[in-house]
Amino acid sequence: MEQRRIMYGIDRDGVVYSRVGSEMAFPVLDFLGMRPENGYRMVYNLEKDSIFSVMCSGVVITWTRKIGKEIKNIHRAFWGFKKI
């Protein structure tokens, strides 16, 4: 059985990505969720796509382990990993 491993990266704008195998997760702003009732609060949801699609979009990612625990746990939950 292949062991799954999660990798974290940051782009030039500070957006955190994660990678498991040949797929990447990235935050997407929920524009429809921004309403006057919630003070136009910005909520981001993680979505995934193939690493090839993401990297071909021109994003430059620096891979690192230096990601905050809270953000790591969001990505870990998305991929089905245990929290740290």
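Might you check whether a residue that is surrounded by 10 or more Cβ atoms within 10 Å (Cβ to Cβ) and touching a residue at least 24 places away in the same chain (Cβ under 8 Å) occurs anywhere in segment 25-37?
yes
Inside segment 1-59, can you point out the residues that are among the β-branched types (Val, Ile, Thr) and either touching a Leu at 6+ places or on another chain (Cβ under 9 Å) or closer than 19 Å to Glu70 by Cα (or both)? Write out each step before concluding.
We begin by selecting, within segment 1-59, every residue among the β-branched types (Val, Ile, Thr); these are 6, 10, 15-16, 20, 28, 43, 51, 54, 59.
Passing the criteria: Ile6, Ile10, Val15, Val16, Val20, Val28, Val43.
Just to verify a result, which residue in segment 20-50, among those that are over 12 Å from the mean Cα position of the chain (by Cα) and among the small types (Gly, Ala, Ser), is farthest from Ile84 (Cα to Cα)? Walk me through it before giving the result.
Initially, segment 20-50 is screened for residues over 12 Å from the mean Cα position of the chain (by Cα), giving 21-22, 30-43, 50.
Okay, now just the ones that are also among the small types (Gly, Ala, Ser), so 21-22, 33, 39, 50.
Details: Gly21: 20, Ser22: 23, Gly33: 29, Gly39: 32, Ser50: 25 Å.
Out of the qualifying residues, it is Gly39.
Name, by its number, the condition in (1) over 16 Å from the mean Cα position of the chain (by Cα); (2) over 22 Å from Asn73 (Cα atoms); (3) modelled with pLDDT of 90 or more that does not hold for Ser53.
(1)
For segment 50-75, name all the residues that are loosely packed, with under 14 Cβ neighbours inside 10 Å, charged (D, E, K, R) and closer than 20 Å to Gln3 by Cα.
Scanning segment 50-75 gives a single hit, Arg65.
The values are calculated or read from the model by the stated rules, or taken from the named source; none is laboratory data. Remember, it's a predicted structure, so these values are computed and weren't measured experimentally. Quick reminder, even Gly has a Cβ in these numbers, built from the backbone with ideal geometry, and neighbours come from all protein chains shown.
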